[in-house]
Amino acid sequence: MPKRPLDHQANSAASAPRATLAAPLSPPSPDVPTALLGGLSPSQFMRRYWQKKPLLIRGAIPDVAAPLSRDALFEMAAGDDAESRLVSCSRGRWRLEHGPFDTGALPSVKRREWTLLVQGVDLHDDRARALLDRFRFIPDARLDDLMISYATDGGGVGPHFDSYDVFLLQVHGKRRWRISAQRDLTLKPGLPLKVLQHFEPDEEWLLEPGDMLYLPPHIAHDGVAEGECMTCSIGFRAPSANELVGQFLYYLAERGEAAHSQAGERLYRDPHQNAVAHPAQLPEALVAELGSILARVKWTERDLISFLGSYLSEPKPQVVFDAPDRPLGEAAFIRRAQVSGIRLDNKAALLYGARTYFINGEESALPRSRKWLCELADARRIEGKRFVTLSADGPMTALLYEWYRAGWVRVGASP
């Protein structure tokens, strides 16, 4: 990827992050207090704060460092496999541009009041993925991605609200946050961004590296950089009822189950249709027929699980898996995995239900040795010693080898 001009390479901590957060982490134990949540256990946090009220956590991750350097983030924004946006404000006028951003497209870091947002950094960087894994006390089906916001002094995206939960972790520099539980969420008209028309903050904090702010949905907030800064946003999926219902009905129809059995292929008939004087008017019989079809639509809990697992594990449109250029043979793959272990690729999504599992939008029946697959899904890795035992299971190793050839699994339990 192209390098940034010299004025983007100032001697700052943002250019050379310490190599922290890359070590593999198990999902946090639900009942063990953790500094990440201010001394609360994940269970306590979920009961007291999740989708209820904000929480400021000082020193959530002491000695934290940005997963990516500033220059590495700029390079990522230059590629077409990461979603990036540039937000700037001059004299009260907001401007929004979408990436990728070629060399020279970003403003100088010496210029004030601009922000670069890069979504899905965890899909491309092991340190970002390790940081995201710290929040897996919340189901993977809800966990969306890790976004990095780089801002120069005064940079921000304006007072706004999100429709989903978010953890805002400061990883470099300082950012001042103002929040409000206001009910007036009216937006300013005619702007390229969703900026609140009337923002009335009732709390304010300055966050330094390691500090974190949790915000439930619809809490108004405004973050402004004080000097150059980087903030990691851990966001969560919150599909609307319309999205879920629409996608579920499409799923049923695609499988030929929406109208149940052969009736679904029956063509509409209207042998009793009268001649009309108003041809543009919808016929009452057609309206009634659609209502009758929808009334016959039925589904089971298994249909719901099948839909949700497939839908929520489906990779985002820009995701492309990188298969190994010179893949190992199956025997060599097993030998290497017995020493180094395996791990899911950062882009791979693996979920499971009572009878089936879902990987990257594909559903299959859980094998007899389901414990191995569920362990891989929960931990996203299998250490070498564990793989030695697993290697006695021929069908399972053959499946993992197939995933390795597809780029869904990597050899080596650690990045």
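The values are calculated or read from the model by the stated rules, or taken from the named source; none is laboratory data. Bear in mind the structure is a predicted one, so any value in this text is a computation, not a measurement. FYI the Cβ positions are ideal-geometry reconstructions off the backbone, even for glycines, and counts take in every protein chain you see.
Does Ser90 satisfy being of a type in the set (Ser, Thr, Tyr), assigned by TED's automatic domain parsing to the domain that holds Thr152 and closer than 24 Å to Lys347 by Cα? The answer is no for Ser90. Can you tell me which residues in segment 380-395 are among the aliphatic types (A, V, I, L, M), under 29 Å from Ser29 (Cβ atoms) and modelled with pLDDT under 95? If the condition is that a residue be among the aliphatic types (A, V, I, L, M), under 29 Å from Ser29 (Cβ atoms) and modelled with pLDDT under 95, then Leu390 is the only one that fits.
Restricting attention to segment 36-81, the residues being touching a strand residue (DSSP E or B) at 6+ places or on another chain (Cβ under 6 Å) and either farther than 30 Å from Pro317 by Cβ or among the small types (Gly, Ala, Ser) (or both) number 10. One residue alone among Arg326, Arg380 is among the charged types (D, E, K, R) and free of Cβ contacts under 8 Å to residues at least 12 places away in the same chain, and that residue is Arg326.
Applying the criterion of at least 2 residues that are closer than 21 Å to Gln119 by Cα to the strands (runs of 3 or more DSSP E) found wholly in segment 151-255 leaves 166-180, 212-215, 220-236.
Go through segment 95-150 and count every residue that is aliphatic (A, V, I, L, M), assigned to a strand (DSSP E or B) and touching a helix residue (DSSP H, G or I) at 6+ places or on another chain (Cβ under 8 Å).
Number satisfying all stated conditions: 6.
Being within 20 Å of Gly173 (Cβ to Cβ) and not small (Gly, Ala, Ser) holds for only one residue in Leu37, Leu73, and it is Leu73.
Looking at Ala60, Ala14, Ala23, Ala10, just one residue is crowded, with 16+ Cβ neighbours inside 10 Å and at pLDDT below 95, and that residue is Ala14.
When you scan segment 102-113, do you find a residue that is under 18 Å from the mean Cα position of the chain (by Cα), modelled with pLDDT under 95 and not aromatic (Phe, Trp, Tyr), even just one? Scanning segment 102-113 turns up no residue that is under 18 Å from the mean Cα position of the chain (by Cα), modelled with pLDDT under 95 and not aromatic (Phe, Trp, Tyr).
Among the conditions (1) over 23 Å from Gly39 (Cα atoms); (2) surrounded by 18 or more Cβ atoms within 10 Å (Cβ to Cβ); (3) among the hydrophobic types (A, V, I, L, M, F, W, C), the only one that Ala241 does not satisfy is (2).
Elements of the type strands (runs of 3 or more DSSP E) sitting completely within segment 298-415 and holding at least 3 residues that are surrounded by fewer than 19 Cβ atoms within 10 Å (Cβ to Cβ) and of a type outside the set (Val, Ile, Thr): these cover 362-365.
Every residue, every condition in (1) within 20 Å of Asp133 (Cα to Cα); (2) in contact with a helix residue (DSSP H, G or I) (Cβ under 9 Å, 6 or more places away or on another chain); (3) acidic (Asp, Glu), yes or no:
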| residue | (1), (2), (3) |
| --- | --- |
| Pro324 | no, yes, no |
| Ala332 | no, no, no |
| Ile342 | yes, yes, no |
| Asp345 | yes, yes, yes |
| Tyr352 | yes, yes, no |
| Ser391 | no, yes, no |
| Val409 | yes, yes, no |
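Being among the small types (Gly, Ala, Ser), touching a helix residue (DSSP H, G or I) at 6+ places or on another chain (Cβ under 6 Å) and under 27 Å from Ser306 (Cβ atoms) is a condition met by at least one residue of segment 367-375. Checking the stated criteria, Phe74 turns out not to satisfy the condition of being buried (at least 17 other Cβ atoms within 10 Å of the Cβ), outside any helix (DSSP H, G or I) and of a type outside the set (S, T, N, Q). Condition (residue is under 23 Å from the mean Cα position of the chain (by Cα), exposed (fewer than 14 other Cβ atoms within 10 Å of the Cβ), closer than 19 Å to Lys52 by Cβ and modelled with pLDDT of 95 or more) applied to segment 193-209: is it met by at least one residue? For segment 193-209, residues under 23 Å from the mean Cα position of the chain (by Cα), exposed (fewer than 14 other Cβ atoms within 10 Å of the Cβ), closer than 19 Å to Lys52 by Cβ and modelled with pLDDT of 95 or more: absent.
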